[in-house]
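Only one structure is covered here, and it is reproduced in the block below.
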Number of protein chains: 2
Amino acid sequence: MEKKPFVIGLDLGGTNSAFGIVDRDANIVERVTVPTTGHGTVEQYVKDCVAALMPVIERVGGISQIQGMGVGAPNANYYTGEILQAPNLPWTGCIPLAKLFGDALGVPVAITNDANAAAMGEMAYGAAKGMKNFIEITLGTGVGSGIVVNGQVVYGCDGFAGELGHTIIVPGGRECGCGRKGCLETYCSGPGVARTALELMAQTREKSVLRDIASSKIMSKDVSIAANNGDALAMEVLKITGRRLGEACANFMNFCSVEAFIFFGGPVRAGEPLMKHVREAFEENVLPIYKGKAQILLSNLKDSDAAILGASALAL
Amino acid sequence: MEKKPFVIGLDLGGTNSAFGIVDRDANIVERVTVPTTGHGTVEQYVKDCVAALMPVIERVGGISQIQGMGVGAPNANYYTGEILQAPNLPWTGCIPLAKLFGDALGVPVAITNDANAAAMGEMAYGAAKGMKNFIEITLGTGVGSGIVVNGQVVYGCDGFAGELGHTIIVPGGRECGCGRKGCLETYCSGPGVARTALELMAQTREKSVLRDIASSKIMSKDVSIAANNGDALAMEVLKITGRRLGEACANFMNFCSVEAFIFFGGPVRAGEPLMKHVREAFEENVLPIYKGKAQILLSNLKDSDAAILGASALAL
C-alpha cells in the first residue's frame, strides 16, 4: 500500500490538545489547538476536535492525504486504544479514544503514553534515527521511559511496560506519588532535583542562591541556572542527579544492551554540567562487557514540537 | 518450507558436550556425549563431535531429517555465532562455533548462552508455552536470565543483553566475580545463598546444622534440606534470598511487564519455602498497575534435559 504524505499527531494534555499535521520530513505543516476541557462528554470533545481539524486537513488536500493519526496521552494503552483513569484528564474510567477518533476521521488511529511517543518520535525523526535498541528517558514532573528493542516499542503483556521511573533505586528512600518509596523519579524528575537541593541545603552550610527561593518554588531550571553561574551547591545537585541517572542506566543496560540512552525534558536542559556525570557514573557502574557500548545522548527533538512529532510517528 | 521432524541440541559445558536429538514433542530420542577437552584445536573438537553424532543421526533417518542444531554455551553470541573468551572452555579468543558445526553438518546452526537457551526451551516445551512476554531466571553458580519480549529473546545491540544477575541491588554490597559490588548474583546464586547463611551465622546465635559444615562446603542444597527439616536459620536464609529475588523482579517488571518470571536451577529446588517469599516480596514491591499481573513460576523442564532441550529450541 502506498504511503500517504501526511500524518496527524495529537499531544493530549490536561489543559490543551495540540494537533499537528506532519509531513515525511518531520515538518509540522499545520497546527491547531483545542482546549481539552469544557466539552462535557468525551464524544463531544472528539466532535469539537474534528470540527477544528477539518479546515486544516482540507488545506493539505483533504483526508485522502492523511496516512493516520497518533495520540500521545497519559495512561494511554497502545493495545486497547484506551485511556485508563488519567488523573489530569476531564474524563473518568476507560476512554476508547483511538476508536472515537478513528470513527470520526476514517483513518487508523493509535495511542500510547507520552514517553513511548517520544521514543517513536526520536526513532522516526530524532537522535535515535537508524537505531533498533535504545531507551528514551523523559524527565519532567515525573520520569517516563520508552524502551525500543529490535526496532519495536516494548509494551509488555498489558500495554503498560516501560515504567523505569518507578524502578526503586533506594530501598526505603524518598516517598513517591505511586505510594512506594525510593523510585528513580523521586530523585531525578524536576521535583526530584528540587528535593535534592533541599537535602543539600539541610546537610551543608554552603551558600547558594537557591536558599532565597521558597522550597515549594524551586524548579530544576533554577538549579541549572545557578549551576551555570558557578553556584557550588547547585553544581553538587546536578552531580548527584546525574550520577543517580548514570547508575540507573548501568542497571538498565543489563536488560537490553542498548546503543543509546536518550534524555529528554526540562531537567536535562542543564546540558553538559549534568550529562557529564551521567556518562561518568554509567561507565563506572556498568558491567565490563557493556563498557563503551552505549551513547548517553540528549534528544534533538525541539521541546515544543516533540510531543506532537512523537505522537505522529505512531501513525507511520 | 516444510519442517523436518528433528532438531539437535548441544549443551556445551566445560567438561562435557551433551548432544540430544529432539522430536517435535520435546522427547530426546537419541543422546551422545563427547568430552569437551582433549581434542586440541576447536576444529578437531568439531570433527570428533560430528564423528560421534553421525551414527545417531543415521538412526533417526539421516541428516535429511534434521531441521537444524542449537547450541547453548557460555559467552555465546547469537548474532555472530561465536563464543567469546569463555573462561571454562579449552579454547581462547573468538570461536566461530556455529559456522564450524554448520559447515560440518550441512544444517543451520544457532548458538546462544545457557540462560537464553533455557528461555527458548521454556517457550517451546515448558512453563512458558504460549507466552510472548516472560523472564527466565536461571540460578546456579551465577544468576543468568533470558528475556522474551513479543515472543523474541532480547539480544540487544551486541548480542549480550539479558544479564539481570548483574543488576546491582545493593550499592557497595558483596564483591562479585564481575569485579563490581552488590550484584543480584552475589545474593541469590548458589554461592550467594551460602554467603547469606554465613552472614546470619555471624550475626545471630541461632543454632543450625549449617554451623557444622565448613563454610567453603555449604551448598544451597544443604540450606534447602535444613530448612525442610525446620532449621530456623536455614529458613531465614531462604526468606532473605526469596525476598531479594522478589524485590528484584518487582523492578524488572517496570521494563517489560511480563506474564511470568520462571525460575530454574539448583537453588530453587527449595520449592515453596523459597518461592512463597519471592511472590510476597514481588507483590509488596511492584508498581500498583502491575499488581497481580505476573506469575512467579518454577520451570517445568527436567533439570537434566533442560540445557539440551533449550539449545534444541533455538533450531526450531
* Within segment A:193-209, restricting attention to residues that are free of Cβ contacts under 8 Å to residues at least 60 places away in the same chain and within 29 Å of the chain's Cα centre (by Cα), which residue is surrounded by the most Cβ atoms within 10 Å (Cβ to Cβ)? -> A:A197
* Structure fact -> Residue count, segment A:132-172, condition crowded, with 18+ Cβ neighbours inside 10 Å, charged (D, E, K, R) and within 11 Å of chain B (Cβ to nearest Cβ), comes to 1
* Asked: Restricting attention to segment B:270-311, which residues are within 14 Å of another protein chain (Cβ to nearest Cβ), out of contact with any strand residue (DSSP E or B) (no Cβ under 8 Å at 6 or more places or on another chain) and in a helix (DSSP H, G or I)?
  -> B:A281, B:E283, B:E284, B:P288, B:I289, B:Y290
* Which strands (runs of 3 or more DSSP E) does segment A:106-182 wholly contain that include 1 or more residues that are within 14 Å of the chain's Cα centre (by Cα) and acidic (D, E)? -> A:134-139
* Asked: Here is a list of conditions, (1) within 14 Å of chain B (Cβ to nearest Cβ); (2) part of a helix (DSSP H, G or I), and A:V258 meets all of them except one; can you say which number that is?
  -> (2)
* Given (1) in contact with an Asp or Glu (Cβ under 7 Å, 6 or more places away or on another chain); (2) crowded, with 24+ Cβ neighbours inside 10 Å; (3) free of Cβ contacts under 8 Å to residues at least 60 places away in the same chain, index of the condition B:A119 fails -> (3)
* **Evaluation of A:E272 against (1) acidic (D, E); (2) out of contact with any helix residue (DSSP H, G or I) (no Cβ under 9 Å at 6 or more places or on another chain); (3) under 24 Å from A:N113 (Cβ atoms) (one fails), failing number** => (3)
* Asked: Got at least one residue in segment A:25-46 being outside the structural domain of A:G140 (by TED's automatic domain parsing), among the small types (G, A, S) and farther than 23 Å from A:T138 by Cα?
  -> yes
* In this structure, is A:T204 away from every other protein chain (no Cβ under 14 Å), of a type in the set (V, I, T) and at negative phi? -> yes
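So, in segment B:222-261, exactly how many residues are hydrophobic (A, V, I, L, M, F, W, C) and within 16 Å of B:A294 (Cα to Cα)?
11
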* Would it be correct to say that B:E259 is of a type outside the set (A, V, I, L, M, F, W, C) and surrounded by fewer than 20 Cβ atoms within 10 Å (Cβ to Cβ)? -> no
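Looking at segment A:213-234, can you tell me whether even one residue there is β-branched (V, I, T), more than 28 Å from A:E136 (Cα to Cα) and free of Cβ contacts under 8 Å to residues at least 12 places away in the same chain?
yes
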* Structure fact -> A careful count of residues in segment B:77-102 that are free of Cβ contacts under 8 Å to residues at least 24 places away in the same chain and surrounded by fewer than 17 Cβ atoms within 10 Å (Cβ to Cβ) gives 8
* Residues A:E185, A:E236, A:E247, A:E175: which one is surrounded by fewer than 21 Cβ atoms within 10 Å (Cβ to Cβ), among the acidic types (D, E) and within 14 Å of another protein chain (Cβ to nearest Cβ)? -> A:E247
* Structure fact -> When restricted to A:L12, A:L105, A:L53, the only residue surrounded by 19 or more Cβ atoms within 10 Å (Cβ to Cβ) and under 28 Å from A:G162 (Cα atoms) is A:L12
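The values are calculated or read from the model by the stated rules, or taken from the named source; none is laboratory data. Everything numeric in this text was worked out from a predicted model, so none of it was measured. Glycine also receives a Cβ, built like all others from the backbone with ideal geometry; neighbour counts cover every protein chain displayed.
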